[in-house]
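Trainee: Take this structure, written in structure tokens, and hold onto it; I'll ask about it next.
What follows is calculated from the coordinates using simple rules that are stated; it is not laboratory data. Only a predicted model underlies this, so the values are computations on that prediction, with no experimental measurement involved. In this analysis, Cβ positions are derived from the backbone assuming ideal geometry, glycine residues included, and neighbour counts consider all displayed protein chains.
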Amino acid sequence: MVTHLVFWGLAVVAVLAGVAVFVVNSMARASYSLALSFIAVGLQVLLLQQLYVGVLVILMMVMEMAIMAVYMNMFMGMNPAMMSMNMVHGARHALPVSVGVFLLLAAGALFAPWPSRRGSLPEDVTAALGTELMGPKMLAMAAVGVVMAATIVSGVVLAAHRTRYDRFGDDLRRRPAADPQPGGVGR
Amino acid sequence: MGVSGALARLATRHAHLLVIEVPGHWLTRVAVERQAGVRGWRLAVSPADADILAVCGSPGPELALVVANLWEQLPGPRARIDVAAPELVAAALDQAEATLRDTPRQRRDSAGRDGPGRDEAPGGDAALAHGSEDRDGLEMDVLHVRLGPVLPDWPAGLVLRTHLHGDLIVEAQAGVVDVGQGGLAGGAPVVGGDTSGEARRPDAGELAAQRCDNVARLLALAGWSDAAGLARAIRDHLLIGERSAATTELARLRRRVRRSWLLRWSLRRVGLLPSDELARLGLAPNLTGDVWDRLNGMLDRATIAAGGPAGVAARGPAGVAAGGPTGVAAGVPVTPPAAVASVVSGWDVATARLIVASLDIAALGVVTDG
Amino acid sequence: MAEVPAAVSGGWAPVAAGLLGTLAVAAALLDGALAGRAAGVRSGMGRSAGEVARLLRQRRRTTVAADRLLWRIGGAGLLVMALMIVTVVPLGRWTLFDLDVGVVWVNALDVLAWAFVWLTGWGANSAYALVGGYRFLAHGLAYELPLMFALVAPAVAASSLRVGEVAAAQQGLWFVVWMPVAFVVYCLGVVAIAVWGPFSPALGRDVAGGVTAELSGVDRLLFLAGRYALLAAGAAFAVPMFLGGGAGPLLPAWAWVLVKATVLLAGLVWLRRRVPALRPDVFMEVGWLVLLPAVLLQDLLVAVVVIGG
């Protein structure tokens, strides 16, 4: 009973914090409203006994929202003094569409004929969920993660304005490197 | 009254002071720092952190305005003292303590202030003006921030108007507060003597003490508070004439600094100044090298001036800049503010602060450029 | 000895909070004493009490156009983080929250420091505080990934994410002995999330106190208390992860946990007096080019040992 109450309470918090994302007037507040919404969802997942997934939702989303807030504030040059940014763009079309989508999804979740549990809870729910989702492709999925990380790093390297020729000269022999500010390992 | 009285007594025993030095009154500032330390008080780093505002010397109109602004930013309970000379410090600190402890008076002060303490941010609120390309070729907003005249471990009276990309100083203009005001003959704020206008040759102990003071600032900015405390203690020994204690401690400090590979790693390769650059900027020729070299140079000069044995190839005491403004005591090198502005450009605020502290500033010259 | 701790009722939470508070106060007292000794002042130990009295008597203040809500959430957040971390730290036979993914839980909480410290810097709408907030993020970019991979090593060795099982897996040999790199990186991470000692440029004197530049009164008290509490919680969490949990002769397990946590905490507090600041601009390369590869090698070594043995 208590679990049910907490679950629905968290659901209300998640939705209200989600709405707040579009109501508040600054990027920092919008980002952290979204973080709060995700934390509530993560706690709901914890209540569903998916402990690993639940904690991971909280970890990833807090970090992502922290980074998003920082980037948004850096790129838009926002400080608390400039708090009056409208978080809704093209409200006339966007609002009805998003409310409609929300209602549709919520109705789907509520009225779908969910199957009742057969058998008992597996020993390790996280492993069971992973096997169910990925099956024999587990190794491929793990490798894809590494490839994605490598792609991000190489993307940043390729996009960087300064190259090694700027640092070491055209013959790559200049030492020490011409950096605007020296780094910590004396490259 | 019992609880709040006990709280007030306990709080007052651990007060924090924000010390403001009017150019030319460094001996008063040092006396305030020393006697506050003896009472177990600590130095504040910002007005929000301070209970006592201690103004050393009588500020000119420009600095007086800054002081008035800072006074409004003290959260309270608060006390302001104006100390004119080193021998008046003890009485002034007693007075500040009494003011802080007087709870009814502080209540009245608090009630008299408008609102729940809305104060100006010290760096100016972060207003952005325009954008321009930063060193990585990204479009960045430019923030205008005034560094000084009141910052912890900052040369008295110096003001740097900086244009920041993030916390990177792209451009800076230097100035000195209240240039040309009474008390500063010839417009050159004298840091080397505690006189008003009258040029007096500082003795060797005083010169050594000032080097130690500058070493303490650099070490504090590098985040090594213990070593900075040691440098301050040596400074105080020198000023009260305990030469032998000072020399022993100075040798210990030099060993500690030289052995710290972490400090060396942090200060190496920043703020490199070759000798032709120094000549062009009008800086003393013994400031060559990076911040690490200049820290060791300061320690060497302190050792020489204190009369101890010079460790390395004896560098003479700081060279005298030719054509220094009148009013500056002979033997005190004068740092042109424009040179300070020039050497910090292109560095981030933290590194720039280290570089400024490494210049071993004794006196600031007049601003010659526009 | 190899028993896995059992969860106790939530009614014991105030006791856990009290223990954390005691450790944090002890850290503050020790720091005050060390600072006092360095400054040659007799009233070293009294410093923390005096500081608390001072801040309780001081007015709160705000700045022009501050985002007060987020600013104050950031300032109080560090303390909450520390309290949430100790819920999964077993004290001998007892633990408050026997989560089977306790290690990830702590990891999720340490990430919150990014949000709280930055918000405290940004919310004040002051240039110095803002610079401080971004300095913390620059440190964060360098310490966070090594810290995450440092937490992986004990979990791999114990084949469990449950903190109690990680502690129980160190029967013969404490993890600190054969994964010293992970332990050192973990300690650096703890010092960094507490914005302590070498990782305090975010609160630097050069920017008038940085993140704390505008804090006064009870707001400053909460932020400073949060830093000590985080240091204490980090030291407490190192005990089951690296220092053998409650294992030790004569004393009961819970006492050994407290002893080990106190010793490590004292070491972290003392560290502040010995070393200068690690400036974020130079530490960044160290984090990515030295710490991250080193800790990944450590993880590989641990994985090979676990599979081979």
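Trainee: Please compute the modelled spin-label separation between A:ALA106 and B:ARG280, points set 7 Å along Cα→Cβ, answer in nm with one decimal.
Mentor: 6.8 nm
Trainee: Tell me, what HN-Hα J-couplings in whole Hz come from the Karplus equation 6.51 cos²θ - 1.76 cosθ + 1.60 at θ = phi - 60° for each residue of the stretch C:15-27, using x for Gly and Pro?
Mentor: 3J(HN,Hα) across the stretch C:15-27, in whole Hz: 5, 4, 4, x, 5, 4, x, 4, 4, 5, 5, 4, 4.
Trainee: Let me ask something else about it. Calculate the spin-label point distance for A:THR163 paired with A:LEU95, positioning each point 7 Å from the Cα along the beta-carbon direction, and give it in nanometres.
Mentor: Calculated label separation equals 5.1 nm.
Trainee: Give me the inter-chain shielding for C:131-140: mean count of other chain Cβ atoms within 10 Å, whole number please.
Mentor: That works out to 3 on average.
Trainee: At a Förster distance of 35 Å, what's the computed FRET efficiency of C:LEU251 paired with C:LEU301, Cβ-Cβ distance as r, to 0.05?
Mentor: 0.65
Trainee: What ranking, highest mean first, results for peptides B:272-282, C:286-296 when packing means the other Cβ atoms within 10 Å averaged over each residue?
Mentor: Listed from highest to lowest mean packing, they are C:286-296, B:272-282.
Trainee: Using the Cα centre of the stretch A:123-180 as the reference point, and only Cβ charges (+1 on K/R, -1 on D/E), how large is the resulting charge dipole? Debye, rounded to the nearest 20.
Mentor: 520 debye
Trainee: What FRET efficiency do you get for B:GLU242 and B:ALA6 if R0 is 45 Å and r is their Cβ-Cβ distance, rounded to the nearest 0.05?
Mentor: The formula returns an efficiency of 0.75 here.
Trainee: Turning to a different aspect of this structure: Note down the magnitude of the dipole of the protein assembly as shown about its Cα centre, charges +1 on Lys and Arg C-beta and -1 on Asp and Glu C-beta and zero elsewhere, to the nearest 20 debye.
Mentor: Rounded to the nearest 20 debye, it is 1560 debye.
Trainee: Something else now. Would you tally the net charge around A:SER37, using a Cβ to Cβ cut-off of less than 14 Å, leaving A:SER37 out, and scoring K and R as +1, D and E as -1?
Mentor: After counting each charged neighbour, the total is 0.
Trainee: Same structure, new question: Angle between the Cα long axis of helix C:127-158 and the longest principal axis of chain C, 0 to 90 degrees, nearest 10?
Mentor: 10 degrees
Trainee: Sort C:104-110, B:215-221, C:26-32 by packing, meaning the average of other beta carbons within 10 Å per residue, with the highest value first.
Mentor: The most tightly packed comes first, giving B:215-221, C:104-110, C:26-32.
Trainee: Taking every residue in C:195-208, how many Cβ atoms of other protein chains lie within 10 Å of its Cβ, on average?
Mentor: For this peptide, the per-residue mean of nearby foreign Cβ atoms is 6.
Trainee: For chain C, modelled as a Gaussian network with Cα springs under 10 Å, which listed residue fluctuates most, C:THR62, C:THR87, C:THR95?
Mentor: Among C:THR62, C:THR87, C:THR95, the largest mean-square fluctuation in the Gaussian network model of chain C belongs to C:THR62.
Trainee: Please give the net charge around A:VAL62, taking every other residue with its beta carbon less than 14 angstrom from that of A:VAL62, where Lys and Arg add +1 and Asp and Glu add -1.
Mentor: Residues near A:VAL62 contribute -3 overall.
Trainee: Also, quick follow-up: On a full-extension model of 0.36 nm per residue, what is the gain between A:VAL146 and A:VAL185, subtracting their alpha-carbon distance, rounded to one decimal in nm?
Mentor: Full-extension gain reported as 11.5 nm.
Trainee: Within 10 Å, count the other beta carbons around each residue, average over each peptide in B:225-232, C:121-128, and list them highest first.
Mentor: Going from most to least packed, we get C:121-128, B:225-232.
Trainee: Would you please classify the overall shape of the stretch B:2-112 from the alpha carbon gyration tensor, given that a ≥ b ≥ c denote the square roots of the eigenvalues, rounded means a/c under 1.5, and beyond that prolate means a/b larger than b/c while oblate covers the rest?
Mentor: Oblate, because a/c is 1.5 or more while a/b does not exceed b/c.
Trainee: Now, a different point. So what J values fall out for the stretch C:53-65 if you push phi through Karplus, 6.51 cos²θ - 1.76 cosθ + 1.60 with θ = phi - 60°, rounded to Hz, Gly and Pro as x?
Mentor: For the stretch C:53-65, the Karplus curve yields 4, 4, 6, 5, 7, 7, 6, 6, 9, 9, 10, 4, 6 Hz.
Trainee: Counting pairs of alpha carbon atoms under 8 Å apart in space and at least six apart in sequence, what relative contact order in percent does chain C give?
Mentor: 27 percent
Trainee: I would also like to ask the following. Let me confirm one metric for peptide C:67-76, namely the mean number of other chain beta-carbon atoms within 10 Å of its residues' beta-carbons.
Mentor: 2
Trainee: For chain A, set up a GNM with springs between Cα atoms under 10 Å and report which of A:ALA14, A:ALA143, A:ALA40 has the largest fluctuation.
Mentor: Top of the fluctuation ranking is A:ALA143.
Trainee: Pick out which of A:VAL24, A:VAL144, A:VAL125 has the largest mean-square fluctuation in a Gaussian network model of chain A, springs linking Cα atoms closer than 10 Å.
Mentor: Of the options given, A:VAL144 has the highest mean-square fluctuation.
Trainee: So, counting K/R as plus one and D/E as minus one, what does the shell of residues with Cβ under 15 Å around B:ARG269 add up to?
Mentor: Local charge sum for B:ARG269: +2.
Trainee: Using the basic label-point model (7 angstrom from Cα toward the beta carbon), what is the C:VAL4 to A:VAL88 distance in nanometres?
Mentor: Label-label distance for C:VAL4 and A:VAL88, simple model: 5.0 nm.
Trainee: What does the protein assembly as shown give for Rg and for Dmax, in Å, if only its C-alpha atoms count?
Mentor: 28.8, 96
Trainee: Here is a follow-up. Using the Cα gyration tensor of the stretch C:184-245, with a ≥ b ≥ c the square roots of its eigenvalues, what is the shape: rounded (a/c below 1.5), prolate (a/b larger than b/c) or oblate (neither)?
Mentor: oblate
Trainee: Please determine, in degrees from 0 to 90 and to the nearest 10, the orientation of helix C:102-123 with respect to the longest principal axis defined by the Cα atoms of chain C, where the helix direction is its Cα long axis.
Mentor: Helix C:102-123 sits at roughly 10 degrees to that axis.
Trainee: Continuing with this model, one more query. Just going by the charge dipole of the stretch C:10-308, with Lys and Arg at +1 and Asp and Glu at -1 on Cβ, which of C:PHE242, C:GLY140, C:LEU70 is farthest out on the positive end?
Mentor: So the residue we want is C:LEU70.
Trainee: I'd like the orientation of helix C:292-308 relative to chain C: the angle between its Cα long axis and the longest Cα principal axis, in ° from 0 to 90, rounded to 10.
Mentor: Helix C:292-308 sits roughly 20 degrees off the main axis of chain C.
Trainee: Cα gyration tensor of chain A, axes a ≥ b ≥ c as square roots of the eigenvalues: rounded (a/c below 1.5), prolate (a/b > b/c) or oblate?
Mentor: The shape class here is oblate.
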